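The values are calculated or read from the model by the stated rules, or taken from the named source; none is laboratory data. Quantities reported herein were computed from a predicted structural model and do not represent experimental measurements. Here the Cβ positions follow ideal geometry from the backbone for every residue, glycine too, while neighbour counts run over all protein chains shown.
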Amino acid sequence: MNDIKDKKKNTKFKNKKIIYIALALIIVYVLYAVFLLTNEQSKTFSVEQGKIYIEETNIGYIIRDEKVIKGENYKNGMEQIKSEGEKVSVNESIFRYYSQNESDLKQKIAELDEKIQKAMQETAEILPSDVKTIENQIDNKVIELNKLTDNSKIKEYKKELSELISKKAKIAGETSPKGSYLKKLIQERAQYEKKLNSGAEYIKTPKSGIVSYRVDGLEESLTPKNLESLTGEYLNNLGLNTGKIIATNTECGKIIDNFVCYIATISNSVQAKEAKAGDSVKVRLSNNSEIDAKIKNIKQEDGDKYLIVLEVNEGISELINYRKISFDLIWLSYSGLKVPNQAIVEKDGLKYVVRKRAGYLSKILIKIAVKNDKEATNDKYTIIENYSADELRKLGFSNKEINSYKGISIYDEVIMNPDLNKVD
């Protein structure tokens, strides 16, 4: 009886062992299949219509044509009439300095406004329909006045407002006690307002451009007039922080030329060594916008370092807050069929990719795109093209070979690190 139990026990053990071995083999097979699948996928790349750049990330110093404007009463404090970054023309008022005792004068005017309003309410029973109409006009003018920033418009609205108040006073009756009192209040208010306006100093623009109140004291040194004498050592010794926003000044403002500014940078790249004044490049700012630029000046400094001054005619308003920035200097950009460099192999002076289509591998002759006499390739990707019939003929291909030539197309799968010896 015990022998039978032992045999059953051994049989169950063997069956479990077989099952475990089978499961282990299945798991190994699945893992191997996944490995082969992922490994195979990692060896291919789908050709895409893309773009590549020859670029470098640099530190740049902003150089502008800017005129600092400062009045005599700068210690009184100032009020902005034109906002930061706003464009202005010649002889516009951009800010004003407060008059002496301005807060006291404003307080007295505010107190008189309350008295005038109260006096008007007490006379509202006289010609109510006419008074109501004028009151509505006064209310509308006050609402519009609070929205204005242009000084000339503000003066115009204040004048109209004063005329409406005087008109209401006349309706109330200047000869009556209440009317005489109202007239006296209005005259007193006008005297305070005249004193307030006459004591203020309005600062006007000597030139057109962009208004800014971010004055850092470098306006006279980092100027286009000094481009020729600029050095990398001078820029480094300024001790500026990259990306720091220039603080708003409370005593003066400035007008910036909104047509052109300059970015000075230092580079030791191969492209900088080959560059020359007049070359076109691109600048990518921190907001990822790309703007056209031109090399204004370039000169070699110590060793392989080059001081490059770039001229830009757009995106100037994006730069007025800064003096030192981080940016991408784009030497060249190319568009076309984009493949990784590892997909390209060379044989007998010609370049190939290996295409995989329906499991079949084909060797495809390609050429590297060229722009400005430079090959469209960087450290990772290359823009490739197909040969034309005339180009193949110049390379010595026969008509039969030209007719059978198959080029590369978008979405084709190409093999990474291909071995041409294993392809027909």
Are any residues in region 265-293 charged (D, E, K, R) and touching a residue at least 12 places away in the same chain (Cβ under 8 Å), and if so, which ones? Lys273, Lys276, Asp279, Lys282, Arg284, Glu290, Asp292
Restricting the first residue to region 96-116 and requiring it to be part of a helix (DSSP H, G or I), which pairs with a second residue that is modelled with pLDDT under 70 and among the basic types (Lys, Arg) meet a Cβ separation below 9 Å and a spacing of at least six or different chains? Leu105/Lys195
Sort out which residues of region 311-339 are surrounded by 15 or more Cβ atoms within 10 Å (Cβ to Cβ) and under 30 Å from Asn386 (Cβ atoms), and write them in order of number. Ile330, Trp331, Leu332, Ser333, Tyr334, Gly336, Leu337, Lys338, Val339
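When you go through Asp302, Asp328, Asp292 one by one, which is the residue that is more than 29 Å from Tyr213 (Cα to Cα) and either assigned to a strand (DSSP E or B) or not hydroxyl-bearing (Ser, Thr, Tyr) (or both)?
Going through Asp302, Asp328, Asp292 in turn, the sole match is Asp302.
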Looking at region 180-192, I want the residues that are within 20 Å of Ser99 (Cβ to Cβ) and part of a helix (DSSP H, G or I) and have a partner that is among the charged types (D, E, K, R) and modelled with pLDDT of 75 or more with Cβ atoms under 8 Å, at least 6 apart or on another chain. Which pairs are those? Arg189/Asp113
What are the pairs with Cβ atoms under 9 angstrom where one residue, in region 329-355, is within 30 Å of Tyr262 (Cα to Cα) and the other, located anywhere, is among the aromatic types (Phe, Trp, Tyr) and assigned to a strand (DSSP E or B)? Sequence gap at least six, or different chains. Ile330/Tyr53; Trp331/Tyr53; Leu332/Tyr53; Ser333/Tyr53; Tyr334/Tyr53
If the Cβ limit is 8 Å and pairs must be 6+ apart or interchain, which residue in region 366-381 that is under 15 Å from Val339 (Cα atoms) pairs with which residue that is surrounded by 15 or more Cβ atoms within 10 Å (Cβ to Cβ) and of a type in the set (Phe, Trp, Tyr)? Ile366/Tyr352; Ile366/Tyr387; Lys367/Tyr387; Ala369/Tyr334; Ala376/Tyr334; Asn378/Tyr53
Can you confirm whether Asn226 is closer than 17 Å to Ile62 by Cβ, modelled with pLDDT under 95 and buried (at least 16 other Cβ atoms within 10 Å of the Cβ)? no
